[in-house]
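See below for the structure under consideration.
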Amino acid sequence: MTIAGVVAAPLRFGSGPAAAVLNAVRISAPATRDRLVADTGLSAATVNRQVNALLEAGLVIERPDLLGHSGVGRPKLPLTLDPDRFCVAGMHIGARRTALVIADVGGRTLYSHAIRTKELANADAASAVDRLCELLAELAGRFSGRRVLWAGAALGGVVDDATGLVDHTILRWHRQPLGERLHAALGVPVSVAEHVQAMAAAELLLASTVQRSGSSLFFYARETVGMALIIDGEVHQPAHGAGTIAGLRVEPGVLAVEPVAPLQSVIGTAAVKAAAARLDVDESAGVVADDRARVLGEAVAMMRDVLNPDAITVAGDAFSAHPHGLAPVQAAFDAASLLPRPLEIVPTCFGVHVPEAAAVAVALSAVYADPLGVVGG
């Protein structure tokens, strides 16, 4: 099977046995075949077939150097992902910072590079897209000893995941063929996804723990705000593109002069600077930080009450910048939510590197969904 061009990112766990075994190796490595049988629920014969196929494809390797065998009988060789044969390339185009990253098949970053997004705003749209693709291709070229399996891009704005066409308001991009240009630059299949959905996919696909059932709400707030929903091991991707919570009505307090305002207008550097100037205080003053934490807690509570997820994960500087961390956000959330079940807000496991993880997740999602199909393609 040949895979080429722009392919919509699955952003989900693969349903096939090869995908199940590969993911179990990623999480449990070093793992024996017996351990994989227990972890996947597949039969020993099925696990053996898939392991042999993954070994032949070069996605996993046997590690006799990790063998702890000291008893009688045939030793069972541990398995890990092959850390050296393949890689993926990704980019995350943010409002202030664009990250370019190369990662191995386990999602481990091999190299990353960041540029200021405003540098792109000075170029016309086509030139900016071409330059980004050239930069990522140059970065991938440094890893010529590896085969690049896939490329992924994540960005805010409007994304057509089937064609790779994107709109980006801040950069004044309209219907730019990012996916097509990236495919031309790298010569590998490409996926393009909305950035908050991609961040949610990173939590789902690249975290050290796996939750395949239930629902989880992912909430992002930095210069922009966004939300994604994970349901039973798959990031929900609406047929007509990502929705928006930018217009969610909130009570901003000192963050705006109006008693009620859209959420997007009171989150980000500009809103904090304006509030500090009005109050004649430092931007890190408690009154500004406290109001932002309250607004975020109430906004998350509002969406929680509508969707009633089993878990909530948050990411972005707006959540992490308060001197007391998430505690004020959690307090506001607890006070505002009308549902009786207590729910803890959990920070992303990727910290400040969540944009890079989002790009890697987009690039790896097809690999994890159909590993033998991708490597064979």
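The values are calculated or read from the model by the stated rules, or taken from the named source; none is laboratory data. Here the structure is a predicted model, which means the values were calculated and not measured. All Cβ positions, even for glycine, are placed from backbone atoms using ideal geometry, and neighbour counts span all protein chains on display. These area figures cover heavy atoms from the full protein model, side chains too; ligands, DNA and RNA do not enter into them. Shrake-Rupley method; radii C 1.70, N 1.55, O 1.52, S 1.80 Å.
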Of the residues in segment 344-377, those that are over 15 Å from the mean Cα position of the chain (by Cα) and farther than 23 Å from Cys133 by Cβ come to Glu344, Ile345, Val346, Ala369, Asp370, Pro371, Leu372, Gly373, Val375, Gly376
Within segment 335-377, which residues are of a type in the set (D, E, K, R) and out of contact with any helix residue (DSSP H, G or I) (no Cβ under 8 Å at 6 or more places or on another chain)?
Arg341, Glu356
Identify the residue in segment 248-259 that is assigned to a loop (DSSP other than H, G, I, E, B) and open to solvent by less than 50 Å² (accessible area, probe 1.4 Å) and, among all such residues, is nearest to Val295 (Cα to Cα).
Pro252
Within segment 260-377, which helices (runs of 4 or more DSSP H) (wholly inside it) include 3 or more residues that are among the charged types (D, E, K, R)?
286-307
Being open to solvent by less than 10 Å² (accessible area, probe 1.4 Å), modelled with pLDDT under 95 and not assigned by the TED database to the domain that holds Ile61 narrows it down to one of Ala99, Ala95, Ala128, so name that one.
Ala128
Of the residues Val105, Val51, Val129, which is touching a residue at least 40 places away in the same chain (Cβ under 8 Å), in contact with a helix residue (DSSP H, G or I) (Cβ under 8 Å, 6 or more places away or on another chain) and not in a loop (DSSP other than H, G, I, E, B)?
Val129
Answer from Leu136, Leu100, Leu110 - the residue that is touching a residue at least 24 places away in the same chain (Cβ under 8 Å), closer than 14 Å to Arg181 by Cα and not acidic (Asp, Glu):
Leu136
Determine whether segment 228-238 contains at least one residue that is farther than 28 Å from Ala140 by Cα, among the small types (Gly, Ala, Ser) and in a helix (DSSP H, G or I).
no
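This table checks each residue for (1) at pLDDT below 95; (2) open to solvent by 50 Å² or more (accessible area, probe 1.4 Å); (3) of a type in the set (Asp, Glu).
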position: Gly5; (1), (2), (3): yes, no, no
position: Ala8; (1), (2), (3): no, no, no
position: Leu11; (1), (2), (3): no, no, no
position: Gly14; (1), (2), (3): yes, no, no
position: Ala19; (1), (2), (3): no, no, no
position: Leu36; (1), (2), (3): no, no, no
position: Asp39; (1), (2), (3): yes, yes, yes
position: Leu42; (1), (2), (3): no, no, no
position: Val47; (1), (2), (3): no, no, no
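Report the residue count in segment 292-321 for those that are among the charged types (D, E, K, R), modelled with pLDDT of 95 or more and within 23 Å of Ala276 (Cα to Cα).
The number of residues fulfilling the criteria is 3.
Does Leu55 satisfy the condition of being at pLDDT 95 or above and within 29 Å of Ala200 (Cα to Cα)?
Against the criterion (at pLDDT 95 or above and within 29 Å of Ala200 (Cα to Cα)), Leu55 does not qualify.
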Somewhere in segment 328-347, is a residue closer than 17 Å to Ala202 by Cα and either without any contact (Cβ under 8 Å) to a residue 40 or more places away in the chain or open to solvent by less than 20 Å² (accessible area, probe 1.4 Å) (or both)?
yes
